[in-house]
Every structure is written in structure tokens, then in C-alpha cells.
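Scroll down for the structure; my scribbles are underneath it.
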Amino acid sequence: MTEAAECDCLSSLLCFLGGATALCYLLKWTWRCVQGFRAYVLSEIWQTDLRRYGRWAVVTGATAGIGRAYAIELARRGLDVVLISRSSEKLHAIAKEIESQHGRQTRIIQADFTESQSIYPAIAKQLMGLEIGILVNNVGMNYAGMLVHFLDVPDPEQRITEVINCNIVSVTQMSRLILPCMVKRGKGLIINISSEAASQPQPMLTVYSATKIFVTYFSRCLHAEYQARGITVQCVTPFMVSTNMTHNIEVNPLVKSAASFARDALNTVGYSSFTSGCLSHALQHTVLSIFFPAWLRLSPFCMRHMEQFAQGMRPQIEERVAQQHNKDN
Ligand SMILES: NC(=O)c1ccc[n+]([C@@H]2O[C@H](COP(=O)([O-])OP(=O)(O)OC[C@H]3O[C@@H](n4cnc5c(N)ncnc54)[C@H](OP(=O)(O)O)[C@@H]3O)[C@@H](O)[C@H]2O)c1
């Protein structure tokens, strides 16, 4: 072959590879847009009837924030709700609100998920005999009110175990408890609240981010195992939602209120088993995964800026924590 023919051959090959790569990306992004349109736009018009999964929904961490919003939205959509949290007073208040405003039945279970396996037999006993169609594994906690290094977590020995029990053990044990009855009935929905902090490694939220990637993998694997038996396991990965955990940050186009987040996220049931929950969070996820990839997040350059940011935010967060404390008491 002459040198010119060789050159022609190489440039045709490069053109073909370039064209094929561009086509692959085009197809991938078109597919993502179609999926996003279905999950976040069409789902508002054609909502899945959640009552088809069964009469009762169980929500962990149901007295505040996202869990409370899920419980109210599920009741609004016609389900009776079992509410699980630590504070008996708050549980009674939300149960009363659901019964009076939505005319649904409620049960309350007082439990502290930072404790180990010992709490689950009592929970199982109180759930016995209920036709549970939906389980929302919402409860979760961070290990410090702000961004901190691993060794700066207050009381680390106890706190780390508590976070793992609350974020990982609760999801696994509650699923183990409720899934068998769903499998027997051939239908059920488990919604696991993970976090955007799990979509990439997140330094200064190290343990939280690591527990949430557990939730993501657990949910996606469980969905693959049980979807053929009529069970949907949906993993929800919210960005910022205004709750106690985020020090009730102001709602804006990027930060959702808990009520609006739960409404949007429940619309995605039946459309997606792995979702950001709402359009605004899905767009933020896409932009961040392109412009703020893991290698950049983990770089010394980014760490320095994150440390400075955390330092700068500290007084503001401390003030908000004090305000929340005064409000609670
Ligand atoms: N807010 C966000 O921006 C955001 C973003 C991504 C993911 N998430 C995830 O969303 C979930 C809910 O977060 P949130 O912001 O709504 O939290 P939150 O406002 O702090 O509410 C937490 C709820 O869980 C209950 N709870 C806390 N610790 C508990 C324990 N040890 N045992 C039993 N119940 C407990 C609380 O009630 P009691 O105090 O009465 O027990 C409350 O009802 C978490 O899994 C979180 O990781 C939140």
C-alpha cells in the first residue's frame, strides 16, 4: 500500500470512530432526555395509583422533613400510614394531622434507629397483620451539623456507630422485615432515600457519603433481584431539601421544600427506580457530574477550598442550630 493510501485509510478509520462516538453520545443523551421527560414531566399528569401496592405505607423518620412530607403525601393519595420516629409527642401530632386532614388511619411506633438490631423484633410485632404495600426507608442522619474532617466528628466512637445503624442497618433490617409479605402478595414498593452525596465520593461528609452509597447499591441490587416478583425498589437521591438536617435553608429554585420534593418524588414511582426525585435536582446532578467530577472533588486544590468554605459557614450554621434548638424547646 502506498503512503497516501495508508493515510486515507487512517483518516477514514478516525472519521468512523469519531462519528460512532458522537452517535453513541447523541443516543445516550437523547435517551436520558426521554427518560427525564417521562419521570419528571409526564409523571405529573399520569400518576401511578399508589393504593395498588396495598393498604398501608410505613415511613421511618416520619415526624419531620422529607419523611413527614412523604407520610402526608401518601395519606393524601389514599394510604393509611404507620409512622416511626423517636419522639412520641411529635408522632402523635403528625398522626392527628393525617387523620383529621386526610381521613386516613395511622399507627405510631416509637423507635430509635441509632440502636442496634434490638429494636426490630418490637417493630415487627407492631406491624404484624397489616397489609403493607409501601415502605419508605427515609430515616437518616449526618454525623456533624456541618462539613468536618473524619477525626473532628464530635464524640466519634459513639457517633459513627449511630450513623451506620441509622443510615445502613435501618434500611437493611426494615426491608428484611417487610419484603417477605410483599413477595408473598406479589406486589410492593420500597422507597429508599439515599442522597446526591452518594453519587460521587464526598470528602468532609465521609461517613455520611459512604453510608448513602450503601443505600444506593443495596436498592439497585434489591430491585434487580425482586422486580420479577412484582416488587419495585426505588432509590431516591435528593440534592438540597429544606429540613432540620440542612438547617432549614431557604427554599429557592435549587433547594426544594420537603412537601414539594415528596410530591414530585412520589410522581416518579412507576417511571424510574433510580431517581433524583425532581427535575431541579436531576439537572443539578447532571451539571455537577460533568463539571465537578470525582477526581476534582478529591483533589488537594478542592479540599483546600472546601475547608475554607466550611470554616466560613461555621458561624452561620451555629446560629441556625441555636435557633432550631430554641424552637424545639
Ligand atoms: N435534607 C436534605 O437536603 C437531604 C438531602 C439528601 C438526602 N437526605 C436524606 O433524607 C432523609 C431525611 O432527611 P431530612 O433532611 O428530612 O432529615 P430531618 O429533617 O433531620 O428529619 C429526620 C427525621 O428522622 C427522625 N429521626 C432522626 N433520627 C432518628 C432516629 N435515630 N431514630 C428514629 N427516627 C429518627 C426525626 O424525628 P425524631 O427526631 O422525632 O426522631 C425526623 O422525623 C435522610 O435519610 C437524609 O439522609 C436529605
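The values are calculated or read from the model by the stated rules, or taken from the named source; none is laboratory data. Everything quoted here is computed from the prediction, not taken from an experiment. A quick note on method: Cβ atoms are made from the backbone with ideal geometry, for glycine too, and the neighbour counts reach across all protein chains shown.
Observations on the model:
- Qualifying positions in segment 266-297 - in a loop (DSSP other than H, G, I, E, B) and either loosely packed, with under 14 Cβ neighbours inside 10 Å or among the β-branched types (V, I, T) (or both): T268, V269, F292, P293
- Meets criteria (of a type outside the set (S, T, N, Q) and over 17 Å from Q200 (Cα atoms)) for L279: yes
- Residues in segment 95-110 that are within 19 Å of A258 (Cα to Cα) and not aliphatic (A, V, I, L, M) were compared, and the one that is surrounded by the fewest Cβ atoms within 10 Å (Cβ to Cβ) is Q101.
Listed here are the residues, each with its yes/no results for (1) more than 16 Å from the ligand (Cβ to nearest atom); (2) closer than 23 Å to A69 by Cα; (3) outside any helix (DSSP H, G or I).
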{"residue": "S118", "(1), (2), (3)": "no, no, no"}
{"residue": "I123", "(1), (2), (3)": "no, yes, no"}
{"residue": "V136", "(1), (2), (3)": "no, yes, yes"}
{"residue": "N142", "(1), (2), (3)": "no, yes, yes"}
{"residue": "L147", "(1), (2), (3)": "no, no, yes"}
{"residue": "E157", "(1), (2), (3)": "yes, no, no"}
{"residue": "V163", "(1), (2), (3)": "no, yes, no"}
{"residue": "C166", "(1), (2), (3)": "no, yes, no"}
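- Test: Q35 is at negative phi, surrounded by fewer than 24 Cβ atoms within 10 Å (Cβ to Cβ), touching a helix residue (DSSP H, G or I) at 6+ places or on another chain (Cβ under 7 Å) and not small (G, A, S): no
- Of the set (1) among the aromatic types (F, W, Y); (2) surrounded by fewer than 20 Cβ atoms within 10 Å (Cβ to Cβ); (3) assigned to a loop (DSSP other than H, G, I, E, B), all apply to F113 but (2).
- Top-ranked residue in segment 25-71 [being within 16 Å of the ligand (Cβ to nearest atom) and of a type in the set (V, I, T); ranked as nearest to L179 (Cα to Cα)]: V58
- A Cβ distance below 9 Å, combined with a sequence gap of six or more or placement on separate chains, defines the contacts here; from segment 222-238, residues that are farther than 23 Å from A210 by Cβ reach residues that are within 16 Å of the ligand (Cβ to nearest atom) and in a strand (DSSP E or B) in the pairs Y226/I190; Y226/V233; Q227/V233; I231/I190; T232/I190; T232/I191.
- Among the residues of segment 72-94, those that are in a helix (DSSP H, G or I), buried (at least 21 other Cβ atoms within 10 Å of the Cβ) and more than 9 Å from the ligand (Cβ to nearest atom) comprise I72, E73, L74, A75.
- Test: residue in segment 234-242 that is modelled with pLDDT under 95 and within 22 Å of R32 (Cα to Cα): no
- Here Q202, Q173 are screened, and the one residue that is within 14 Å of the ligand (Cβ to nearest atom) and not in a helix (DSSP H, G or I) is Q202.
- Filtered by the rule that a residue be outside any helix (DSSP H, G or I) and free of Cβ contacts under 8 Å to residues at least 24 places away in the same chain, segment 26-48 gives a lone residue, W46.
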